[in-house]
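Novice: Input: one structure, supplied below.
The values are calculated or read from the model by the stated rules, or taken from the named source; none is laboratory data. Treat the numbers as computed from the prediction; the structure is a model and nothing was measured. Cβ placement follows ideal geometry from the backbone for every residue including glycine, while neighbour counts extend to all protein chains displayed. Just so you know, the surface numbers come from the protein's heavy atoms only, side chains and all, with ligands and any DNA or RNA stripped out. Shrake-Rupley method; radii C 1.70, N 1.55, O 1.52, S 1.80 Å.
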Amino acid sequence: MGKAYKRIKGFADMFPPQSDHFTRMEACAREIFGRYGFVELRTPLLEFTELFQRSIGEQTDVVQKEMYTFPDRKGRMLTLRPEATAGVMRAYIEAGLVNREAVSRLFTTGPMFRYERPQTGRMRQFHQINCECLGSPSPLADAELIIMLMRFLRALGLEEPSLKINSLGCSQCRPQFRKALLDFLSGIDRSALCEDCARRVESNPLRVLDCKQPTCRELTQNAPVLLEHNCPDCKAHFQTVLDCLAAEGIPLELDHRLVRGLDYYCRTTFEVVSGRIGAQTAIAGGGRYDGLVQSLGGPDVPGVGFACGMERLALLLGEARTDLTDFYLFAPDEAGQAQAFALAQQLRMAGLGGELNYSRASFKSLMRQAGKSGARYCLILGQDEAQAASVTVKHLERGQQQTIPQAEAITYLTTEKNDD
Ligand code: HAM
């Protein structure tokens, strides 16, 4: 017997209903984001490692511990994208989009790769739906993007997720906050902090604020608050964002600890969280990143964006079947087989979807399979039906059944379907 291969840890095969959820999410994203002027950009999965180091930040967990990085055959260091933003920025600069349109709105979906410890909602290959709005410094761009994200989640049927928001300040005011934070952190016993935070005090102090460990949270309870250190421009920017969200009735929670794990953010940052998916609560995250394009060798173009985690959205969408079909057709006897075959083809030509069972299992077993199929109707073409050119149509949920001429099957199924 040959060797049985297994998939790589943290990489998943996706069957229905998850694959159906993904298809639906992508269609819904195209529809809703399209209304806001977003067009789709597809970027490569592989980029030069340096792009991620420079954009995401050398000191972030993503760059330090989580990237799939390897040399190609000529020794150039490449990385499987851990997120979409860096690649979108590179493409935006490389294509010279700045010269063609004042504001570019680009969305991207696809797999991302991070070497994290896998658990529910956390994979090594995962998928994001990612949006970037480039070219506008206006707080209205931040607000519209967040409103679009919340509308998208609602269109998927998710009402419960909540929005957390904060403002990180800008290159003018953040250094002062950082100094105040470092002063505060120098006053606490470093050995009482978790291993990650003890390290971050030096390398990335803002991240200490969003540590989830109870001891670290307690120790930093009285840490300086970002918003209070925002300069007047940053404060005004943030207030406009909040006002727009309030005007649209979007509930939110100000979260002073929200700093995000990637270095490129300034001003507005946000996350959407759900309590229903275990420890990995963030289903989307994003914010403004005004210096990023320039830091990657492009023009001084501001930007704001977000990404949703599709696996986490799929967990929220649950196990319910979404692939309900119109019919499940079978012919238990030889007599009905040819007619059943022809009828199945006609139904599909008429736009109806369903399965033809080719087997000659017992009637009971065929009925059982029909019940599990997720079809709306079971169609039975037995000996009597074959002789009369009829077919028995059973509504699988309601249980009622009727024998009708085969010639009327299309009309019957389409009319009934519309009545549902
Ligand atoms: P992020 O917060 O690192 O942001 O990721 C966004 C979302 O991707 C998370 O909220 C989560 O739902 C999902 N996600 C992240 N890691 C995993 C994982 N290992 N397994 C499953 N899902 C995961 C970014 O990536 C930014 N590029 C977002 C952005 C776009 N900011 C501005 N523009």
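Novice: Can we say Leu41 is more than 16 Å from the ligand (Cβ to nearest atom) and open to solvent by 10 Å² or more (accessible area, probe 1.4 Å)?
Specialist: no
Novice: Are any residues in segment 278-300 assigned to a loop (DSSP other than H, G, I, E, B) and either open to solvent by less than 10 Å² (accessible area, probe 1.4 Å) or under 15 Å from Met150 (Cα atoms) (or both), and if so, which ones?
Specialist: Tyr289
Novice: Taking the criterion of being among the aliphatic types (A, V, I, L, M), crowded, with 17+ Cβ neighbours inside 10 Å and not in a helix (DSSP H, G or I), would at least one residue in segment 199-217 satisfy it?
Specialist: Within segment 199-217 (the criterion being among the aliphatic types (A, V, I, L, M), crowded, with 17+ Cβ neighbours inside 10 Å and not in a helix (DSSP H, G or I)), the answer is no, since none of the residues qualifies.
Novice: I need every pair where a residue in segment 321-338 that is at pLDDT 95 or above has its Cβ under 7 Å from the Cβ of a residue that is of a type in the set (Val, Ile, Thr), sequence separation at least 6 or different chains.
Specialist: That search, which allows pairs on different chains as well, returns Phe330/Ile380.
Novice: Please determine whether any residue of segment 281-302 is over 18 Å from Gly121 (Cα atoms) and without any contact (Cβ under 8 Å) to a residue 60 or more places away in the chain.
Specialist: Yes, because at least one residue in segment 281-302 is over 18 Å from Gly121 (Cα atoms) and without any contact (Cβ under 8 Å) to a residue 60 or more places away in the chain.
Novice: Scan segment 321-345 residue by residue and report those that are small (Gly, Ala, Ser) and either exposed (fewer than 13 other Cβ atoms within 10 Å of the Cβ) or part of a helix (DSSP H, G or I) (or both).
Specialist: Answer for segment 321-345, where residues must be small (Gly, Ala, Ser) and either exposed (fewer than 13 other Cβ atoms within 10 Å of the Cβ) or part of a helix (DSSP H, G or I) (or both): Ala335, Gly336, Ala338, Ala340, Ala342, Ala344.
Novice: Separate question: Just one of (1) surrounded by fewer than 17 Cβ atoms within 10 Å (Cβ to Cβ); (2) within 16 Å of the ligand (Cβ to nearest atom) trips up Ala247, so point out which.
Specialist: For Ala247, the failing item is (2).
Novice: Additional query: All but one of (1) in a loop (DSSP other than H, G, I, E, B); (2) surrounded by fewer than 18 Cβ atoms within 10 Å (Cβ to Cβ); (3) touching a strand residue (DSSP E or B) at 6+ places or on another chain (Cβ under 8 Å) hold for Arg348; state the number of the condition that does not hold.
Specialist: Tallying (1) in a loop (DSSP other than H, G, I, E, B); (2) surrounded by fewer than 18 Cβ atoms within 10 Å (Cβ to Cβ); (3) touching a strand residue (DSSP E or B) at 6+ places or on another chain (Cβ under 8 Å), Arg348 fails exactly one: (1).
Novice: Something else about it: Looking at (1) within 14 Å of the ligand (Cβ to nearest atom); (2) not in a loop (DSSP other than H, G, I, E, B), which is the only condition Asp263 fails?
Specialist: Failing condition for Asp263: (2).
Novice: Please determine whether any residue of segment 271-278 is away from the ligand (no atom under 16 Å from the Cβ), farther than 28 Å from Gly87 by Cβ and of a type in the set (Lys, Arg).
Specialist: no
Novice: Something else: Could you tell me which of the residues Leu258, Leu219, Leu254 is within 30 Å of Ile188 (Cα to Cα) and within 13 Å of the ligand (Cβ to nearest atom)?
Specialist: Leu258
Novice: Regarding Leu149, is this residue over 23 Å from the mean Cα position of the chain (by Cα), touching a residue at least 40 places away in the same chain (Cβ under 8 Å), within 16 Å of the ligand (Cβ to nearest atom) and open to solvent by less than 10 Å² (accessible area, probe 1.4 Å)?
Specialist: For Leu149, the condition - over 23 Å from the mean Cα position of the chain (by Cα), touching a residue at least 40 places away in the same chain (Cβ under 8 Å), within 16 Å of the ligand (Cβ to nearest atom) and open to solvent by less than 10 Å² (accessible area, probe 1.4 Å) - is not met.
Novice: Here's another thing I want to ask about it. Given Arg122, Arg114, which one is of a type in the set (Lys, Arg), within 13 Å of Ala307 (Cβ to Cβ) and in the same structural domain as Tyr265 (by TED's automatic domain parsing)?
Specialist: Exactly one of Arg122, Arg114 is of a type in the set (Lys, Arg), within 13 Å of Ala307 (Cβ to Cβ) and in the same structural domain as Tyr265 (by TED's automatic domain parsing), namely Arg114.
Novice: Tell me the residue from Ser162, Ser203, Ser191, Ser167 that is among the polar types (S, T, N, Q), within 29 Å of Cys308 (Cα to Cα) and at pLDDT below 90, please.
Specialist: Only one candidate qualifies: Ser203.
Novice: Looking only at segment 257-277, how many residues end up being on the phi < 0 side of the Ramachandran plot, open to solvent by 10 Å² or more (accessible area, probe 1.4 Å) and of a type outside the set (A, V, I, L, M)?
Specialist: 9
Rundown of residues vs (1) farther than 12 Å from Phe48 by Cα; (2) acidic (Asp, Glu); (3) within 16 Å of the ligand (Cβ to nearest atom); (4) not assigned by TED's automatic domain parsing to the domain that holds Ala307, yes/no style:
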| position | (1), (2), (3), (4) |
| --- | --- |
| Tyr68 | no, no, yes, no |
| Asp72 | no, yes, no, no |
| Leu78 | no, no, no, no |
| Gly87 | no, no, yes, no |
| Tyr92 | yes, no, yes, no |
| Gly96 | yes, no, no, no |
| Arg105 | yes, no, yes, no |
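Novice: Here's a follow-up. Tell me yes or no: at least one residue of segment 302-316 is aromatic (Phe, Trp, Tyr) and more than 30 Å from Arg54 (Cβ to Cβ).
Specialist: no
Novice: Can you tell me which residue within segment 152-174, out of those that are open to solvent by 70 Å² or more (accessible area, probe 1.4 Å) and more than 30 Å from Ile277 (Cα to Cα), is nearest to the chain's Cα centre (by Cα)? Please lay out each step first, then the result.
Specialist: Taking segment 152-174 and keeping what is open to solvent by 70 Å² or more (accessible area, probe 1.4 Å), we get 154, 159-160, 171-172.
From what's left, more than 30 Å from Ile277 (Cα to Cα): 171-172.
Values: Ser171: 30, Gln172: 33 Å.
Here the answer is Ser171.
Novice: In segment 380-408, what residues are buried (at least 16 other Cβ atoms within 10 Å of the Cβ) and either within 12 Å of Gln339 (Cα to Cα) or not assigned by TED's automatic domain parsing to the domain that holds Gln337 (or both)?
Specialist: Matches in segment 380-408: Ile380, Leu381, Gly382, Glu385, Ala386, Ser390, Val391, Gln406.
Novice: Could you list, in sequence order, the residues of segment 100-153 that are hydrophobic (A, V, I, L, M, F, W, C) and more than 30 Å from Asp13 (Cβ to Cβ)?
Specialist: Ala102, Val103, Cys133, Leu134, Leu140, Ala141, Ala143, Leu145, Ile146, Ile147, Met148, Met150
Novice: Could you run through segment 1-19 and say how many residues are under 16 Å from Leu158 (Cβ atoms) and of a type outside the set (S, T, N, Q)?
Specialist: Qualifying residue count for the region: 1.
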